[in-house]
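One structure is given below, encoded as C-alpha cells.
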Amino acid sequence: MSKGEIQLGLQESSGTVDFADLHISVVPTKEVYPPVAELPEGFQAKYTPRALSRRRGAMSPTVYRKGDLDVLASWGANLVRWQLMTEHWREQADRDLAIFDRHLEKELDVFINQVLPDCERLGLKIALDLHYLPGGRKSDHDLVMQYEQKYAQAFIDTWRKIATRLKGEHAIWAYDLVNEPNQVNMAPYNYLKLQYDAARAIREVDPDVPIIVAANMGSAPDSFSYLSPLPLENIIYTTHMYLPGPYTHQGIPGSGGNGIFNYPGEINGIYYDREVLRSLLKPVREFQKRYGARIYVGEFSVVRWAEGGDRYLADLISIFEEYGWDWSYHAFRESKTWDVEYEGGSYKDYVKAAVPTKRQQVLQEGFKRNEVKR
C-alpha cells in the first residue's frame, strides 16, 4: 500500500466545492497512455547538428508588429517560438474546418511574408507553434481531435500543408506540433499517436527539419514519467514549467489562487527553492538521460508582480543550462501579465518600465550564452 494525494478542482474558478458520493477508479497508466510505436532494444534518440545547436529565446506576440523582433534580437535571443493563431474566438474557427483553413492560410501568409524575412535578417531561428488546433478543446481542456476522426485527420493534413509550404526555409528550427495537449481519459486518437502521425506526415515532405513533441497535461513535467519516445530522428521533446502554480499565477482572475507568495518561500505549506524546482523537473531529466533526448522548455514564466520573480526565473534558467535544455520565455510582448518590459503590482496596475526590470535582466543574462555567430 502506498500513500498518495489527489487534488480536485474546477478550471478558472475559485471557492469551495463539496463532492458527494465520490467514487474513484484507478486505471493503469499504460492502458490510458500506451506506447504508440515499438522501439528497438536500447533505443537512443538521434540528432543532426541542426537540432543540437543551443537555442534560447522567447515566445512571440500573438500578432506581427514591425520592429518587435528587432528588439528581441537586440537582447541576444536566437530563438522565437512563433504562434500560428487562428481567430478561434470568431466564427467557431476551430470547429468549422473551412474557416480554420482560411484563417490558417492568412496566418501563414503573414508568417512567410513578414516574420520569416525579419528572422532571417536578424539571425533568429523559429520554433513554429500551431497554437490553436482543428476542433479546439472540450470543457475539460481535452483536445476534440482526440475523439473525432475528422479533426484528427485535419491536424495531420494541416502539418503536411505547413511543411510543404515551408520546406527549405533555413530560419525554421523546428515544428512545434501541439501547444499543451491534454488527454485526461482514454481516447480513440491518443495525444501522442496524433503527434506521431503528424510527424510522419512531415517526414514525407521534409526528412530533416526537427519536430517538437509535447508531453501530456499541458506539457507538464510529471507527464514525462509515462511519455514514450518516438522512433524518428530529430524529435525534440517539450515541457512547460509554471510550477508551483499558486505562485506563478497568483492574482490572475479565474486562476483559482488568491494567495500572495514570495520566492523562495513557503507556498501552501511547502518551502520552494531551486532544489525543489529541480525535483519538480526530475521526470524530464530522467527521460532525457534514459533516451538521450533533446529537451526544449517551450514556456516558463511568472506573473510580473510576484515577489522574487527574477530569482525564480534565474533559478529555472540555471537548471536548464545545467541540463543542456533549450528554452523560450513566455512571453515577449504578448500579454502584460508576463511581459518583462512592464512593472506594476497587480493585473490591472502596469506601466512600461523606465529601465530594464530585474526579470528582463535575467533573460538577457541568459541570452548571453548564445553564440555571437548566428
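The values are calculated or read from the model by the stated rules, or taken from the named source; none is laboratory data. All of these numbers come straight from a predicted model, not from anything done at the bench. Neighbour counts run over all protein chains shown; Cβ positions are idealised from the backbone, glycine included. SASA here: full protein model, heavy atoms, side chains in, ligands and nucleic acids out. Shrake-Rupley method; radii C 1.70, N 1.55, O 1.52, S 1.80 Å.
Extension gain for residue 335 to residue 170 (0.36 nm times residue separation, less C-alpha to C-alpha distance): 56.5 nm. For the pair the range 241-278 / the range 316-374, the C-alpha centres are spaced 18 Å from each other. In sequence order, the range 325-342 has phi-based couplings of 8, 7, 7, 9, 6, 9, 8, 9, 6, 9, 9, 5, 4, 10, 5, 6, 7, 10 Hz under the Karplus curve 6.51 cos²θ - 1.76 cosθ + 1.60, θ = phi - 60°, and Gly or Pro positions carry x. Among 225-238, 273-286, the peptide with the highest mean count of other Cβ atoms within 10 Å heads the list, and the full ranking is 225-238, 273-286.
3J(HN,Hα) along the range 114-125: 10, 5, 4, x, 5, 5, 4, 5, 8, x, 8, 8 Hz, from the Karplus curve 6.51 cos²θ - 1.76 cosθ + 1.60 with θ = phi - 60°, whole Hz, x for Gly and Pro. In this structure, the amide hydrogen of residue 215, modeled 1.01 Å from its nitrogen in the peptide plane, lies closer than 5 angstrom to those of 238, counting only residues at least 5 positions away or on a different chain. The slack in the chain from residue 148 to residue 233, taken as 0.36 nm per residue of separation less the alpha-carbon distance, amounts to 27.7 nm. The calculated Kirkwood hydrodynamic radius for the chain is 21.5 Å, given to one decimal from all distinct C-alpha pairs.
Could you pull the accessible area for residue 305 with a 1.4 Å probe, rounded to 10 Å²? We get 40 Å² for residue 305.
Counted residue by residue at 0.36 nm each, then reduced by the alpha carbon distance between them, the extension gain from residue 260 to residue 141 reaches 40.2 nm. Distances between placed amide hydrogens fall under 5 Å for residue 272 paired with 265, 266, 267, all partners being 5 or more residues away or on another chain. Rounded to whole numbers, the Karplus 3J(HN,Hα) couplings from phi for the range 215-226 are 6, 7, 6, x, 6, 5, x, 6, 5, 5, 5, 10 Hz, using 6.51 cos²θ - 1.76 cosθ + 1.60 with θ = phi - 60°, and x at Gly and Pro.
Spacing of the modelled spin labels on residue 70 and residue 30, each 7 Å from Cα toward Cβ, amounts to 5.7 nm. Which distance in nm do the two modelled labels at residue 270 and residue 352 give, with both placed 7 Å along the Cα-to-Cβ direction? The two pseudo-label positions are separated by 3.9 nm. In the chain, the DSSP-assigned H stretches of four residues or longer account for a calculated mean residue ellipticity at 222 nm of -9000 deg cm²/dmol, using -39500 (n - 2.57) per stretch and the full residue count as denominator.
Sorting 208, 21 by accessible area puts them as 21, 208; the probe is 1.4 Å, largest comes first, and only protein heavy atoms count. Once all protein chains are placed together, residue 186 keeps about 110 Å² accessible to a 1.4 angstrom probe.
Placing R0 at 51 angstrom, the Cβ-Cβ distance between residue 47 and residue 21 gives a FRET efficiency of 0.50 after rounding to 0.05.
Sorting 131, 170 by solvent-accessible area of protein heavy atoms yields 170, 131, largest first, with a 1.4 Å probe. When the residues 122, 79 are ordered by accessible surface, computed with a 1.4 Å probe over the protein chains alone, the sequence from largest down reads 122, 79.
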